[in-house]
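As structure tokens, the structure follows; a few thoughts come after it.
The values are calculated or read from the model by the stated rules, or taken from the named source; none is laboratory data. Since the structure is predicted, the reported quantities are computational estimates derived from the model, not experimental observations. Reconstructed Cβ throughout: ideal geometry from the backbone, glycine too, with neighbour counts over all protein chains shown.
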Amino acid sequence: MNLQKNVPLKPYNTFGIEATAAIFSAVSTVEELREVLDFSKQKNFPYLIIGGGSNLLFTKNYAGIIIKNELKGISLVNEDDDFFYVKAAAGEEWHYLVLYCIENNYAGIENLSLIPGSVGAAPLQNIGAYGVELKDVFFELEALNIFTNNIEIFKLNDCVFGYRESIFKKELKGKYIVLNVTLKLNKKPTFNIKYGAIEQELERMNFNELSIKNISQAVVNIRTSKLPNPKEIGNAGSFFKNPVVDEDGYKKLISQYPSIPVYPNVDKHYKLAAGWLIEQCGWKGFRKNDAGCHTKQALVLVNYGNATGKEIYDLSTEIKQNIFEKFAVELEREVNII
Ligand SMILES: Cc1cc2nc3c(=O)[nH]c(=O)nc-3n(C[C@H](O)[C@H](O)[C@H](O)COP(=O)(O)OP(=O)(O)OC[C@H]3O[C@@H](n4cnc5c(N)ncnc54)[C@H](O)[C@@H]3O)c2cc1C
């Protein structure tokens, strides 16, 4: 078991926040993971499993054990007439898995290109982009029950996936560590290009053939032009979830703000664009010391260099309050506050 003391966490979170872990351990086998968990139980230390640290905000030093998941391996475990079943270990980089699937012509996750982070964290918030969510290609996952030490299988319905939600963020929060995920990928692709600017980007790229590789490239181009690269400006992608309102809330908002972007959701509910609400309140491009709201995408809070986690958190609180005062809409943070 490899344990290090007082480890700086800046390289392990895409916000680039300076914080330290009292103990840090990188694990590359399930046995190592079990040993570290046993150690944390014996010493009564809290632990936090991390992948790429791209959905975290450290607001203080971490007083327990940070476990960095480095379980690796991708393999084709099964196939039938219509699907390939691809199993990837939790410590694999998500985008690496996307590229692997594209290379092998396994279709279904091309729209999820360039989402930072690990395979193991992907089911936690049912990652999604450009009209596709993990749940659309999910087959099953294996997770370690930290109380019984047993490995359990979760099928699609067990995970209770929702918009940036799963059972692992709710009832089972902190109770399981995802070890691997198996995806069910199409042999015959159904191209999903209606969402966002994919179609326009494909036209601009002047491709004469529609393929998963071209769609992936279009998504990569759009994302690179719109989102700050965490290697240059610290961030964790969308800081808030898009809020959902009921019919009454929707009617009030549309009468006051006729240009408000609204997307029908399930059960007579409506999804609003959090970025639009934030922009309307004048936060886009706002900067206080090194904490700010990105100049191109108001939904992304950024660290221009030396912001503390607390400064970013306080800024998010101010934005939340402001949105509530103006629109009576409650924003919920998507990023995990530690
Ligand atoms: C520039 C940028 C763009 C982004 N765009 C998108 C997007 O389009 N769509 C989207 O959905 N997300 C997006 N994100 C958010 C982020 O990429 C995803 O949430 C990603 O799945 C996080 O993976 P991670 O490995 O970095 O998780 P971490 O940040 O390391 O962890 C996130 C949470 O998951 C838990 N966790 C991590 N691994 C495991 C495991 N093996 N078992 C159990 N719990 C675990 C952690 O404890 C923590 O609570 C973006 C982030 C950035 C920086």
Practice task
Kindly indicate which of 336, 306, 265 is touching a Lys or Arg at 6+ places or on another chain (Cβ under 6 Å), touching a residue at least 12 places away in the same chain (Cβ under 8 Å) and closer than 29 Å to residue 121 by Cβ.
Solution key: 265
Practice task
With the checklist (1) within 14 Å of the ligand (Cβ to nearest atom); (2) over 10 Å from residue 65 (Cα atoms); (3) not small (Gly, Ala, Ser) in hand, flag the one item residue 37 doesn't pass.
Solution key: (2)
Handout entry: Meets criteria (surrounded by 13 or more Cβ atoms within 10 Å (Cβ to Cβ) and more than 12 Å from the ligand (Cβ to nearest atom)) for residue 331
Key = yes
Exercise for the section: Scan region 47-59 residue by residue and report those that are more than 6 Å from the ligand (Cβ to nearest atom) and more than 21 Å from residue 3 (Cβ to Cβ). Expected result: 57, 59
Handout entry: For residue 133: the one exception among (1) within 9 Å of the ligand (Cβ to nearest atom); (2) under 19 Å from residue 76 (Cα atoms)
Key = (2)
Problem - Failed criterion for residue 300 (all others in (1) aliphatic (A, V, I, L, M); (2) surrounded by fewer than 18 Cβ atoms within 10 Å (Cβ to Cβ); (3) closer than 26 Å to residue 60 by Cβ hold) - result: (2)
Handout entry: Considering residues of region 34-53 that are in contact with a helix residue (DSSP H, G or I) (Cβ under 9 Å, 6 or more places away or on another chain) and within 30 Å of residue 240 (Cβ to Cβ) only, the residue surrounded by the fewest Cβ atoms within 10 Å (Cβ to Cβ)
Key = 46
Handout entry: Tally of residues being outside any helix (DSSP H, G or I) and within 14 Å of the ligand (Cβ to nearest atom) across region 280-328
Key = 8
Exercise for the section: Please tell me if residue 60 is in the same structural domain as residue 210 (by TED's automatic domain parsing) and either in contact with a Gly (Cβ under 6 Å, 6 or more places away or on another chain) or in contact (Cβ under 8 Å) with a residue 40 or more places away in the chain (or both). Expected result: no
Fill in the blank from the handout: When residue 158 is run through (1) over 20 Å from residue 103 (Cα atoms); (2) modelled with pLDDT under 95, the failure sits at (2)
Practice task
Answer yes or no: is there a residue in region 97-114 that is near the ligand (Cβ under 8 Å from one of its atoms), under 16 Å from the mean Cα position of the chain (by Cα) and not β-branched (Val, Ile, Thr).
Solution key: yes
